[in-house]
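First comes the structure, then the notes that go with it.
The values are calculated or read from the model by the stated rules, or taken from the named source; none is laboratory data. Only a predicted model underlies this, so the values are computations on that prediction, with no experimental measurement involved. Methodologically, a virtual Cβ is constructed for each residue, glycine included, from the backbone with ideal geometry; neighbour enumeration extends over all protein chains shown. With ligands, DNA and RNA removed, areas are computed over all heavy atoms of the protein, side chains included. Shrake-Rupley method; radii C 1.70, N 1.55, O 1.52, S 1.80 Å.
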Amino acid sequence: MCTVTFVPVKNGIVLTSSRDEWKTRGRAISPTIVTVAPGVQVISPTDKDKGGSWIAGKSNGDMGVLLNGAFKPHHRLQRYKRSRGQVMMDIMHATSPLDQWKEISLQGIEPFTLVLFAGGRLYECRWDGHNRHCSILPSTERHIWSSVTLYDEKMSRLREKWFGDWQYNSGGPDQQQILKFHREAGNGDARYSLVMDRGGDISTSSITSVFVSGETMQMKYFDLQSERESVSELSPSVSEVSLNASGLFSGKTPSPDVSTPASALADRYRRCRIRLMSWEYWPFDLVYVPIYLYWMWLSLKARSFFYFSAANPLIKNSGFVMESKMEIYELMPQSVYPRTIFCEHGVSMVDVEGRLRVANLNLPLIAKPDIGQRGLMVKLCRSEAELADYVTSTGFDFLLQEFVPFENEVGIFYYRIPGEQTGTISGMVGKEFLAVTGDGVSTVEQLMRGSDRAFLQLPVFRKTHAVMLQSVPARGEMCELVPYGNHSRGAKFLDLTQLVTPDLGRMIDQLCTSIPEFYYGRLDIRYENWDRFCAGKDFAIIEVNGAGSEPTHIYDPRHSVFFAWKEIIRHLKIMFTISRINSRTKGIRLMGTGKGLSMLRENRRYLKLLADNAAAKKPQ
């Protein structure tokens, strides 16, 4: 249960596990086939001591494999309610393994990782002893996992390197080549090779490999103690693998729905109609026409078109544009934001790996521009291949940030008048990430067409996620399309200002006053549970935005454009007041016209750079 590989091959997929176990443990029972429902069979070896299993395949094409531990080594208790292998078999026997993973009770179960291939999609499911974590991985790429209870970060990265070298040298792999990798990969040190032996304690006891195609499922089991091999296969009459629709077993990349000129015209009309009827999609300059008039009035009063420039004195341009996210993080207490490293444009992948080791940062990671704009070029990197692609293809400085698995995100607008001890929460917005729910028949693209919000994102997804669009989520499965709350990337914003309480206000005030000279802006925060968040626990500040922040609760679909104008004007007046007080009391000269215009030109060039980089990204 300690080294696992997932490899797409010609006409199928191979899932392989090298099982490392204590030498005192009983020898496992070779794979057997059991019927769990009419027409549905499961094939798996059996743990003789506990009765569960560590790897299983199902006649409909689903597969699962277990690894000990979740994200880091854990302290073992003397007793657990059930074995992890028994839990895994309950999951695999269910009609929908993914639903069972979400619903099964895991209290009293030792931490584990379950690699689950179900419904044509690959999931990495982790139980850390307290919370479940589940992420979707690209099923058209190869992956390797090592158990965190036996292999530290350095050893895991070395194994990834062996796997990467093997991928490069082997060309088009098949099941036999994969089994050879599991038998021979290593550096000569028997303690850490894929077939490992740590003296009298623990060793690799078996290798199990499952091959699934559109016609059959075959499990090869090698008992390394007895040197015996067994091969089990589900008969074609039972192995009705339902994944051909995803294109994974056709040997070809799924092609998107063919669009005719008439359908393209209909799509264009629908996009225009959605944007026309919902002001939240109107062009920025159109929404801000009346706001520009008020801006001019404030500029005349301040005698500066860039009157905001003293609102947050320690942030470049007060956070209006071109401010560095890393410089803002460095003003904040380290305990309130995710671990983050800065990478300059042109940095090598080797250098990046070294910095990640020093910072003790592991995948998955959020990669994003150090100077960001509306979610452009923000990416969740789940694999080394995705990270390497981002590092080598970006034309700007960027950040790599620890991925925060908290499910909820909120944006809190805060201001404090200089000289006053406490500040005010002037708006709060909740964010529903862009997602669709499967019906077991429709592709992701077809499901996105059923939602106006998701439909508007289709042109971007065709460029960046062409393969995923043609996958078919299982019935009831929620497919999160964008794992962060950005309005321009399809997130739905909900006005939660009515939920602000005195306790929350005090907690946010304490956070914001810990950031030197921060008076005006928005905090984007991810949290696990609302009550614990209000108590100041289990949250992380993803970003702090300054003078360029919008009061994003205005984008709640329930609000009219008139409400939006009123709120924007209210916040501009507050920013004007703060900046003028700072200018007068701290002797800060407001930005001049020449410098301000230069700032806007620089921002325009940078936006084009980000847009060009985004347009150049290849489909995934």
Task: P(r), alpha carbons of the range 337-425 - 10 Å bins starting at zero, rounded % - done: 15, 43, 22, 15, 6, 0
TODO: Read phi for every residue in the range 451-463 and hand back ³J(HN,Hα) as whole Hz from Karplus 6.51 cos²θ - 1.76 cosθ + 1.60, θ = phi - 60°, with x for Gly and Pro.
DONE: 10, 4, 5, 6, 4, 5, 8, 4, x, 5, 5, 5, 7
TODO: Using just the helices of the chain, give the 222 nm mean residue ellipticity in deg cm²/dmol: DSSP H runs with n ≥ 4 each add -39,500 (n - 2.57), and the total is spread over all residues, rounded to 500.
DONE: -9500 deg cm²/dmol
- [ ] Just subtract the alpha-carbon distance of Ser393 and Asn131 from 0.36 nm times their residue separation and send over the number in nm, one decimal.
- [x] 90.8 nm
TODO: Assuming a ≥ b ≥ c are the square roots of the Cα gyration tensor eigenvalues, decide whether the range 568-607 counts as rounded (a/c under 1.5), prolate (otherwise, with a/b larger than b/c) or oblate.
DONE: oblate
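Please get the size of the charge dipole for the chain, origin at its Cα centre, with Cβ charges of +1 on Lys and Arg and -1 on Asp and Glu, quoted in debye to the nearest 20.
Approximately 1540 debye in magnitude.
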Open item on the list: So, taking all protein chains as they sit and a 1.4 Å probe, how much accessible area belongs to Glu330, in Å² rounded to tens?
Closed with: 130 Å²
Task: Cα→Cβ-extended label distance, 7 Å offset, between Val460 and Ser263, nm - done: 2.3 nm
TODO: Report the paramagnetic label zone for Lys586: residues of the range 488-531 whose backbone N is under 19 Å from a point 7 Å from Cα along the Cα-to-Cβ axis.
DONE: 509-523
Open item on the list: Suppose each label sits 7 Å from its Cα in the direction of the beta carbon; what would the Leu286-Asp152 distance come out to in nanometres?
Closed with: 5.9 nm
Open item on the list: Per residue of the range 502-519, what does 6.51 cos²θ - 1.76 cosθ + 1.60 with θ = phi - 60° give for ³J(HN,Hα)? Whole Hz please, x for Gly and Pro, Karplus curve as stated.
Closed with: x, 5, 5, x, 5, 5, 5, 4, 5, 4, 6, 6, 7, 9, x, 6, 9, 10
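Give, in nm to one decimal, the length gained when the segment between Leu607 and Ser105 is fully stretched (0.36 nm per residue of separation minus the Cα-Cα distance).
Numbers: separation 502, 0.36 × 502 = 180.72 nm, distance 4.77 nm.
Extending this stretch completely gives an extra 175.9 nm.
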Task: Set of aspartates and glutamates near Lys595 by C-alpha distance (under 19 Å), chain-local residues within fewer than 8 positions excluded - done: Glu323
TODO: With a ≥ b ≥ c taken as the square roots of the eigenvalues of the C-alpha gyration tensor of the range 58-122, please select rounded if a/c is under 1.5 and otherwise prolate if a/b is larger than b/c or oblate if it is not?
DONE: prolate
Task: R0 of 60 Å, Cβ-Cβ distance Met322-Arg228: FRET efficiency to nearest 0.05 - done: 0.35
Open item on the list: What figure, in Å² to the nearest 10, do you get for the accessible area of Met277 with a 1.4 Å probe and non-protein molecules left out?
Closed with: 150 Å²
Open item on the list: Give me the 1.4 Å probe accessible area per residue for the chain, excluding ligands and nucleic acids, in Å².
Closed with: 46 Å²
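Could you sort 570-577, 300-307, 284-291, 66-73 so that the peptide with the highest average Cβ count within 10 Å comes first and the rest follow in order?
Most protected by this proxy first, the peptides run 66-73, 570-577, 300-307, 284-291.
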Open item on the list: Beyond a 29 Å Cα-Cα separation, which of these cross-linked pairs lie in this structure: Lys48/Lys220; Lys368/Lys573; Lys102/Lys180; Lys50/Lys537; Lys220/Lys379; Lys10/Lys220?
Closed with: Lys368/Lys573; Lys102/Lys180; Lys50/Lys537; Lys220/Lys379
TODO: Rank-order 138-145, 12-19, 413-420 by packing density, defined as the average count of other C-beta atoms within 10 Å over each peptide's residues, highest first.
DONE: 12-19, 138-145, 413-420
